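Presented below is the structure to which this report refers.
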Amino acid sequence: MASVTELIGQSVWDSNGVWVGHVVDIRVVKHPGELQQSHTVYGLVVSGRRAPLLLGLTRDRQGRASWLTRALARVVYAGCTFVPWSSVTDYSGGEVHIAVLRKELSRV
């Protein structure tokens with residue numbers, strides 16, 4: 001598994017070789033109750049217009065978001081696409097390749 005810093009900013013390409021955008025954020029699931037807190041990546045937020053600067057915008061350390069943060073996130077994430085981690089086939093060499101078409105991806 002690549003680290004977060006390696007994934008942020010990578011170009012994302014669909015199964016037909018069409019450019020989807022750059023990875024601007026990573027969505028994870030926290031596994032509470034374990035001796036060491038662990039997280040599992042469940043998806044990537046990809047934008048064709050934005051630089052990789054959105055990391056950590058929507059949540060505080062306890063996983064909560066204020067109304068102001070949620071409103072700001074709606075504006076900042078407008079036009080972004082969500083790529084489920086299960087769709088990622090390769091993430092080496094500075095590029096992420098996915099097994100689905102760009103038009104099949106959902107908006108954030």
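Some points to look at:
- Residue in region 55-92 that is farthest from Ile8 (Cα to Cα), counting only those that are at pLDDT 90 or above, more than 12 Å from the chain's Cα centre (by Cα) and not small (Gly, Ala, Ser): Thr89
- Among the criteria (1) under 13 Å from the mean Cα position of the chain (by Cα); (2) farther than 26 Å from His31 by Cβ, the one Glu95 does not fulfil is (1).
- Residues that are assigned to a helix (DSSP H, G or I) and among the hydroxyl-bearing types (Ser, Thr, Tyr) were ranked within region 73-89; the one that is nearest to His39 (Cα to Cα) is Ser86.
The values are calculated or read from the model by the stated rules, or taken from the named source; none is laboratory data. Note that the structure is a prediction, hence the values are computed from the model and not measured. Virtual Cβ from ideal backbone geometry, glycine too; neighbours counted across all protein chains shown.
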